[in-house]
1. Can you tell me which residues in the range 251-289 are hydrophobic (A, V, I, L, M, F, W, C) and loosely packed, with under 12 Cβ neighbours inside 10 Å?
2. Filter the range 83-107 down to the residues that are more than 25 Å from the chain's Cα centre (by Cα) and of a type in the set (A, V, I, L, M, F, W, C), then identify the one that is farthest from Asn224 (Cα to Cα).
3. For the range 117-142, which positions are touching a helix residue (DSSP H, G or I) at 6+ places or on another chain (Cβ under 9 Å) and over 13 Å from Arg235 (Cα atoms)?
4. Which one of these is touching a residue at least 24 places away in the same chain (Cβ under 8 Å) and closer than 25 Å to Arg167 by Cα: Leu136, Leu122?
5. Take the residues of the range 12-32 that are hydrophobic (A, V, I, L, M, F, W, C) and in contact with a helix residue (DSSP H, G or I) (Cβ under 6 Å, 6 or more places away or on another chain): which is surrounded by the most Cβ atoms within 10 Å (Cβ to Cβ)?
6. Just to be sure before I move on: is Val94 more than 30 Å from Gln159 (Cα to Cα), of a type in the set (Val, Ile, Thr), surrounded by 14 or more Cβ atoms within 10 Å (Cβ to Cβ) and touching a residue at least 60 places away in the same chain (Cβ under 8 Å) in the structure I sent?
7. Just one of the numbered conditions (1) closer than 19 Å to Val158 by Cβ; (2) more than 22 Å from the chain's Cα centre (by Cα) is not true of Gly246; which one?
8. Just to confirm my filter: which helices (runs of 4 or more DSSP H) fall fully inside the range 129-231 and include at least 3 residues that are of a type in the set (S, T, N, Q) and surrounded by 13 or more Cβ atoms within 10 Å (Cβ to Cβ)?
Amino acid sequence: MEKYKRQIELFFELKNSPESTRKSMRRRINDFLFYVEVVLEIEIDEVAFEDIQGYILHLKRDRKLSPGTINNCISSIKFFYTYVLEKTWNPIKVPRMRRGKSFPVIPPREQVYALLEGTNNLKHKAILALIYGSGLRVSEVARLKISDIDSQGMRVRVQKTKHDTNRYTILSEASLLVLREYFKAYHHRSFSKNDWLFKGQKQENHITVKSIQNTFLKIRERLNLDTAISAHTLRHCFATHSLEDGIDPVHIQHMLGHKRVATTVAYLHMTSKSLMGIKSPLDQPRGKN
């Protein structure tokens, strides 16, 4: 087992994988190895495709995991099988699960404003304002440093994000006002620009994603809003409302950090067509040719 762990850690170092990737892959591989050694009671290097198939069915039937989560597990198992065990992978034996397409709920702008005003806590208000006003992921806003806020250029620097990329996005004027209030209340004069913008319970740590999500759920419950709305919904709203406001999809793509513009254009399905000047033929004046 230790030999396998050393091989995995060597790969991470050679590839310079972000810590978030390392952590998730370690967890998935360890879960699989526990199943092989403890449940199946076989040696790791003797694992066969039938064993992997059984594990995938266990994830689906017993643990009730989503197709997307199971596909992530398959990717981790494939990495272990090919890189560590040096065996040939057969995608026909272990196909990736088909994922059903679903659109997120996009609340009207009035509800978004209500969510942003749904707390008197300046820290929470600043976090939610940045997610919606700049299109940030929850994990991205949690890891912002003071130096990432550029009030002169009115932009936010987002570093080491999903796919280990960096980007800039816009800083909302409304967000900046809330941030200034928050900063005066929460940060002392002896701060460093490398300090976390939103600190956790321990001053040396940033706020956790779970903490932000739990705060959002309390606000949502208090406002009696759709339970399908989450903190990440605010990022979806940024993209959708920007399209409705006529912003070029390419600009939105760069601000969101999407690899492909097609991912951004998909938000067109969620826009309010009436706000984009589109009318139903039933609402057109009658008698037109």
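Rule-based calculations on the coordinates, nothing more; no lab input. Worth saying up front: this structure is predicted, and the values here are computed from it rather than measured. Every residue, glycine among them, receives a Cβ derived from its backbone with ideal geometry; neighbour counts consider all protein chains shown.
1. Ala262, Ile278, Leu282
2. By that ranking, first place goes to Leu85.
3. Answer for the range 117-142, where residues must be touching a helix residue (DSSP H, G or I) at 6+ places or on another chain (Cβ under 9 Å) and over 13 Å from Arg235 (Cα atoms): Glu117, Gly118, Thr119, Asn121, Leu122, Lys123, His124, Lys125, Ala126, Ala142.
4. Leu136
5. Here the residue is Phe32.
6. no
7. (1)
8. Qualifying helices (runs of 4 or more DSSP H): 209-223.
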